[in-house]
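One structure is given here, and the rest of the page talks about it.
None of the figures in this text is laboratory data; all of them are computed from the coordinates on show. No experiment lies behind these values; they were computed from the predicted model shown. As a convention, Cβ positions derive from the backbone with ideal geometry for all residues, glycine included, and neighbour counts pool all protein chains shown.
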Amino acid sequence: MKYFSLNNKSHSSTFENAVVKGLAPDKGLYFPEEIAQLPASFFEVLPTLSKIEIAYSVIKNYVGEEIPKDELVRIIEHTLDFDFPVIPVEKNIQVLELFHGPTKAFKDVGARFMAGCLGYFIKKGNLGKITVLVATSGDTGGAVANGFLGVEGIDVVILYPKGKVSEIQEKQLTTLGQNIVALEVDGTFDDCQDMVKRAFLDTEIQNKRQLTSANSINVARWLPQMFYYFIAYQQLQLNNKKVVFSVPSGNFGNICAGMLAAKMGLPIHHFVASSNANNVVDRYLASEKYEPKPSVQTISNAMDVGNPSNFIRIQELFQQTFNELKEKLSSYSFTDLETEDTMRKVFKESNYVLDPHGAVGYLGLKKFLATNPDYSGVFLETAHPVKFLDTVENAIDHKLEIPDSIKALMNKEKKAFQIKNYKDLKAHLLS
Ligand SMILES: *Cc1c(COP(=O)(O)O)cnc(C)c1O
């Protein structure tokens, strides 16, 4: 399969190059030249297929011959080595839980798949050693650290803002050791991201290290997120209704994968992009004007994104045609107060504990179903509520049970280098 750059359709890349480089040389996002149509026979047997069989049938169309079948299956087996349950919450509403992976957020799927692919390409030869450099505001760092832990030929360097990630998130970044290094930055997430961007343009660093990023623009993180839409579909109780999926969205990589799955033939009829006060897409669908703004801080902070990097891929799925997109996508945004009220109400009425991101997803779904009663709804729970312990416990006025894996993590010792500025980062990367 070949990929083109969304800045220049005549630029063509292999899957391997798109994974290793992340972005095209013109800084465009990579996009597959062809969207495969899954045959009717696939959907006939879908209810009987294993997770691994489903994932292989889907992803082989985008990897092509570049990874042999047995290797690709091994990567998928490792990627999907946990459960993706669909659970009824109330009449006509089901939740797809994506937090049963090692770092308890959906990003485990993309991070593990990318680590597997990059690890394979390095093992195959002639790439040399690679340094994955990422800035994180919370969940990305943990998932990437865990996904790449122990992968031969890869060093991981993670920058995170001091005092601005949750205690659990910090432990997930700083306690692994081996090929994972955490840099605690005296600054904000934006400072971390600026330093990473600068390092990618620094020839002195380029001469010493081969850098790549592991954020959601990488095709190897984006595409495997399709897997759980298929796995969820297999489990749905639909009662002959159409299906709508509501996805809590920040950079729009997750929902974009769902919409790609639908383009391949998965019968999901509509999507809702649910967001917090960072509502550029909600405003776009209402006005046809795309006006990014600086991000504002909310309690669903993994979605505090002012200019979602994957939205351009969603537009490409609809040939950049506004009216076609609007038929398949709705978007609503909600305040922190509404999010907290919802966590409380759903806990009280359905005894289900939402995290702040899942609560936003639930709210978006409710709003859509209010005027579309012919649909059956699913929302995605993108992180385990204990990752946002204080916010959730305050909202529902109830203590959460901490899973054993998290308790064990909290007892591990944090190891991080303190850095203040770009000079410190550069010194670290050159040492
Ligand atoms: C990253 C993240 C999101 C947003 O996902 P995108 O693919 O960036 O839209 C939502 N919820 C949680 C918990 C996350 O970590």
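Length gained on full extension, K2 to K124, computed as 0.36 nm times the residue gap minus the Cα-Cα distance: 42.0 nm. Taking each of K263/K367; K124/K412; K60/K164; K171/K367; K328/K348; K124/K171 in turn, the alpha-carbon distance tops 29 angstrom for K124/K412; K60/K164; K171/K367; K328/K348; K124/K171. Positive end of the dipole of the chain, charges at C-beta (+1 Lys, Arg; -1 Asp, Glu), about the Cα centre: which of N278, Q315, A359 has its Cα farthest in that direction? Of N278, Q315, A359, it is Q315. Listed peptides 65-74, 238-247 appear in the order 238-247, 65-74 once ranked by packing, highest mean of other Cβ atoms within 10 Å at the front. Over the stretch 123-243, the Kirkwood radius and the radius of gyration, each from Cα atoms, give a ratio Rg/Rh of 1.08. For the chain, with the dipole built from +1 on Lys and Arg beta-carbon atoms and -1 on Asp and Glu ones, taken about the Cα centre, which of L389, L159, L6 lies farthest toward the positive end? Of the options given, the answer is L6. Summing charges over neighbours of S376, with a neighbour being any other residue whose Cβ is under 15 Å away from its Cβ, gives +2 when K and R count +1 and D and E count -1.
Once you sort the root eigenvalues of the Cα gyration tensor of the stretch 286-431 as a ≥ b ≥ c, which label holds: rounded (a/c under 1.5), prolate (a/b larger than b/c) or oblate (the other case)?
On the way: a/c = 2.46, a/b = 1.17, b/c = 2.09.
Taking the square roots of the gyration eigenvalues as a ≥ b ≥ c, the stretch 286-431 is oblate.
Gain on full extension, evaluated as 0.36 nm per residue between N207 and D404 minus their Cα-Cα distance, stands at 66.5 nm. Taking a sphere under 14 Å around the Cβ of Y362 and counting the other residues whose Cβ falls inside, with K and R at +1 and D and E at -1, yields a net charge of -2.
In angstrom, the C-alpha Rg and Dmax of the stretch 13-89 are 15.3, 46. I need the shape label for the stretch 50-197. Rule: rounded when a/c is under 1.5, else prolate if a/b > b/c, else oblate, with a, b, c from the alpha carbon gyration tensor. Judged from the Cα gyration tensor, the stretch 50-197 comes out oblate (a/c at least 1.5, b/c at or above a/b). Near N179: Cβ cut-off under 14 Å, other residues only, Lys/Arg at +1 and Asp/Glu at -1. The net charge is +1. Distance between the pseudo-spin-label points of K241 and K197 (7 Å out from Cα toward the beta carbon): 4.3 nm. Arranged from fewest to most other beta-carbon atoms within 10 Å of their beta carbon, Y332, Y362 become Y332, Y362.
If both residues of a DSSP beta bridge must be in the chain, then about 20% of such bridges are antiparallel. With N counted as the residues of the chain, its alpha-carbon radius of gyration over 2.2 N^0.38 Å works out to 0.94. Note on the chain: with charges restricted to the Cβ of Lys and Arg (+1) and Asp and Glu (-1), its dipole about the Cα centre is near 600 debye. Mean residue ellipticity, 222 nm, helices only, the chain: the sum of -39500 (n - 2.57) across DSSP H runs of n ≥ 4, divided by residue count and rounded to 500, is -13000 deg cm²/dmol.
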